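The structure under discussion appears below in the form of structure tokens.
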Amino acid sequence: MNEEHIGQDILERYVRNALFEDRLAHVEEHLIECNWCQERLREEDAFLRVFRHAAAQVELRPESIWQNLFAPRHRFSLAMATMAGSMAIWFSASTYHSANLPAATVALTSYRGVQQQAHVSPGKRVALTIEARELPPAKDYAVQIVTSGGHTVFAGAVGLDVTQSRLNVPVLKLGRGLYWVRVYTESVNSEPVMEYSLRAE
Ligand SMILES: [Zn+2]
């Protein structure tokens, strides 16, 4: 299997049919063999678009609200991230029950501004948490996780657990590699208020 998962921006463009032909074949090749990216595609409400060749079926389907919401002017709003985040949480919850396997919890934290190196097992379900004490106070937070190569593997709103004073990132699986976990208080297009590194090995 191709190690490099489909970037979130590419996935969104695929859903909106806005992908250039030369990327299309590569994306669909990867989708055929990668369950995780198939799941992410379903999160983008593209269930019937897994293969664009099924055009006849797509035509029968009423236009998805997601196609409108993913229009460029909306793409990076926090409202959008909130919705994507709740979709992701819902989806994680449903896969949690089907898989019936607990996810390992990994806390991202820093001590006086120096981050403690965080490790996760590649390909295993992991629930990341982020210490809220280290973050500027805000009503809403969003998190983006990017590979060292700059591909977004997660972007969405994250819930603040007030009693535990931490952010809970939806359960996800990360392929082997180095990641940046960026926390935002406005939108994922603004400057991150915190950045952690994370190693899956
Ligand atoms: Zn993939």
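The values are calculated or read from the model by the stated rules, or taken from the named source; none is laboratory data. None of the values given here were measured: they were computed from a predicted structure. Quick reminder, even Gly has a Cβ in these numbers, built from the backbone with ideal geometry, and neighbours come from all protein chains shown.
Which ones in the stretch 178-201 are among the polar types (S, T, N, Q) and in a loop (DSSP other than H, G, I, E, B)? Even if it seems obvious, please write down each step before you answer.
Just the residues of the stretch 178-201 that are among the polar types (S, T, N, Q), to begin with: 185, 187, 189-190, 197.
The answer is THR185, SER187, ASN189, SER190.
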(1) at negative phi; (2) buried (at least 17 other Cβ atoms within 10 Å of the Cβ): which one isn't true of PRO192, the others all being true? (2)
For the stretch 20-42, which residues satisfy the criterion of being modelled with pLDDT under 80 and assigned to a helix (DSSP H, G or I)? GLU21, ASP22, ARG42
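Can you name the residue in the stretch 1-19 that is within 14 Å of the ligand (Cβ to nearest atom), under 17 Å from the mean Cα position of the chain (by Cα) and among the aliphatic types (A, V, I, L, M) and is also modelled with the highest pLDDT among such residues? Talk me through it step by step, then tell me what you get.
In the first step, residues of the stretch 1-19 are kept if they are within 14 Å of the ligand (Cβ to nearest atom); the result is 1-8, 10-11, 14.
Okay, now just the ones that are also under 17 Å from the mean Cα position of the chain (by Cα), so 3-8, 10-11, 14.
Still in the list and also among the aliphatic types (A, V, I, L, M): 6, 10-11.
On the way: ILE6: 89, ILE10: 86, LEU11: 84.
Step by step, filter the stretch 1-19, then rank; the result is ILE6.
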Return the residue satisfying two criteria in turn: it lies in the stretch 20-46 and is under 19 Å from ALA155 (Cα atoms) and charged (D, E, K, R), and of such residues it is farthest from the ligand (Cβ to nearest atom). ASP45
Selection within the stretch 151-177 - in contact (Cβ under 8 Å) with a residue 60 or more places away in the chain and either outside the structural domain of THR129 (by TED's automatic domain parsing) or in a loop (DSSP other than H, G, I, E, B) (or both): HIS151, PRO170, VAL171, GLY175, ARG176
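One line per residue, one yes/no per condition, for (1) within 22 Å of GLU12 (Cα to Cα); (2) in contact with a strand residue (DSSP E or B) (Cβ under 7 Å, 6 or more places away or on another chain):
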{"site": "PRO137", "(1), (2)": "no, no"}
{"site": "SER148", "(1), (2)": "yes, yes"}
{"site": "VAL162", "(1), (2)": "no, no"}
{"site": "ASN168", "(1), (2)": "no, yes"}
{"site": "ARG199", "(1), (2)": "no, yes"}
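Which ones in the stretch 138-149 are over 10 Å from the mean Cα position of the chain (by Cα) and touching a residue at least 12 places away in the same chain (Cβ under 8 Å)?
ALA138, ASP140, TYR141, ALA142, THR147, SER148, GLY149
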Test: residue in the stretch 123-145 that is under 21 Å from GLU4 (Cβ atoms), assigned to a loop (DSSP other than H, G, I, E, B) and modelled with pLDDT of 80 or more: yes
